[in-house]
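Following: one structure in structure tokens, then a few remarks.
The values are calculated or read from the model by the stated rules, or taken from the named source; none is laboratory data. Computed from a predicted model, the values in this text were never measured in an experiment. As a convention, Cβ positions derive from the backbone with ideal geometry for all residues, glycine included, and neighbour counts pool all protein chains shown.
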Amino acid sequence: MSSHKYPIKKDDRVIVISGKEKGKIGKVLRILPKKDRIVVEKVNLIKRHTRPGRGSSQGGIVEKEGSLHFSNLMLICPKCTDPFRVSCKTLEDGRRVRVCSRCGETLDE
């Protein structure tokens, strides 16, 4: 089990920095903290062969997103549109926010 605090959160835009999907950009759909993995929209598509059942009346081959290790992803800044390492900053009211290390833009509102 892992005790990481991930700099990446749901609905963030990320870029894949290594592996067969290198260079692809997508939105974070889910975070799997116990496995240190993240599911990104339209990245690392896998095929699942499903049987018809109660939930789905039709079987066949279903394409869905597979997970990627969090170390293979980098956040993309909404302002400068570059990948960056996340740095944290404490505001006057005591909240900690994620900050772009390139342009200084805060990600958390």
Original post:
Has region 51-65 got at least one residue that is surrounded by 14 or more Cβ atoms within 10 Å (Cβ to Cβ), in contact with a Phe, Trp or Tyr (Cβ under 9 Å, 6 or more places away or on another chain), at pLDDT 90 or above and assigned by TED's automatic domain parsing to the domain that holds Asp12?
Top reply: no
Original post:
Cβ-Cβ below 7 Å, separation at least six or inter-chain, first residue in region 76-101 and part of a loop (DSSP other than H, G, I, E, B), second among the basic types (Lys, Arg): which pairs?
Top reply: Cys77/Arg102; Cys80/Arg102; Asp82/Arg102; Ser101/Arg85
**OP:** Answer yes or no as to whether Gly104 is in a loop (DSSP other than H, G, I, E, B), out of contact with any helix residue (DSSP H, G or I) (no Cβ under 7 Å at 6 or more places or on another chain) and not charged (D, E, K, R).
**Re:** yes
Original post:
Which residue, of Ser57, Ser18, is more than 15 Å from the chain's Cα centre (by Cα) and not in a strand (DSSP E or B)?
Top reply: Ser57
Original post:
What number goes with the only condition from (1) aliphatic (A, V, I, L, M); (2) part of a strand (DSSP E or B); (3) out of contact with any Lys or Arg (no Cβ under 7 Å at 6 or more places or on another chain) that Ile8 does not pass?
Top reply: (2)
